[in-house]
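Data first, discussion second: the structure below is written as C-alpha cells.
The values are calculated or read from the model by the stated rules, or taken from the named source; none is laboratory data. What you see is a predicted model; the values in this text were computed from it and never measured. Cβ coordinates were reconstructed from backbone atoms using ideal geometry, including for glycine residues, and neighbour counts include every protein chain displayed. Just so you know, the surface numbers come from the protein's heavy atoms only, side chains and all, with ligands and any DNA or RNA stripped out. Shrake-Rupley method; radii C 1.70, N 1.55, O 1.52, S 1.80 Å.
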Amino acid sequence: MHKKLALAFLIISFLVVGGVFEKTTASGICPQLRTTKKAPSSYIRKKNPLPATGKNIERGKALYQKEAKPNACKMCHGVRGNGNGRLAQGLEPAPRNFTCKDTMRPLPDGQLFWIIKNGSKGTAMPAHRFTLRDEDIWRIIYYLKGFAS
C-alpha cells in the first residue's frame, strides 16, 4: 500500500514539475495560459484618463464587489480577485486571476478596458458596453490592478 502511494506521489510530482499541470493555489491559477484576442492598437495605447485617487479606487471596488450588472465582477473573479468566485466553478477557461502578477503585469490598461467593454470571446466574460460607463470601467481597472500589487 505504501509503495502504491509513494509511486502515485512520484508520478504527480513529475507531472507538476514537468509543467503538465498549471500551478493551482488557494489564490487561483498562476500564471494563466490564455489566448485572449488582442485589442485593437487604438485601445492598447489608451491610458487610464482618471486620476488614481482613493475616491476612484473605492468606486471601482463598489462596482467590482456589488454594483456591476448583470453580475458583480466578484461573482466569477472572486472577492479577492483570485478567479475563484461563486460562479467560477466549471467555467473553461477559468476567470482571470487578478492576483497573479505574471498574468496581470503585461496587460496594458487599454487591453483590460477593451475586454471589460467588449467581453472576451471563448470565455464567460460578458460585454459591459451597455451596462457600465467608460469612467466606471476605468475605475474598476484601478481596483482590480490592486490585487496584483
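So how do Met104, Met75 rank on accessible area, 1.4 Å probe, biggest first, that is with the largest at the start?
Met75, Met104
For a quick check of your reading of the filter: which chymotrypsin sites (Phe, Trp or Tyr not before Pro) in the stretch 100-149 sit in a DSSP loop and have no more than 15 other Cβ atoms within 10 Å?
Counting only loop positions with at most 15 other Cβ atoms within 10 Å, the chymotrypsin sites (Phe, Trp or Tyr not before Pro) in the stretch 100-149 are Phe130.
Which percent of the accessible area of the stretch 50-149 is formed by carbon and sulfur heavy atoms (probe 1.4 angstrom)?
53
In the stretch 30-125, how does Rg compare with the Kirkwood Rh, expressed as the Rg/Rh ratio over alpha carbon atoms?
Over the Cα atoms of the stretch 30-125, Rg/Rh equals 0.94.
Could you report the stretch 60-106's accessible area per residue, 1.4 Å probe, as an integer in Å²?
Value for the stretch 60-106: 56 Å² per residue.
Can you list residues from other chains, or at least 5 along the same chain, whose modelled amide H is less than 5 Å from the amide H of Gly28?
HN-HN under 5 Å from Gly28: empty list.
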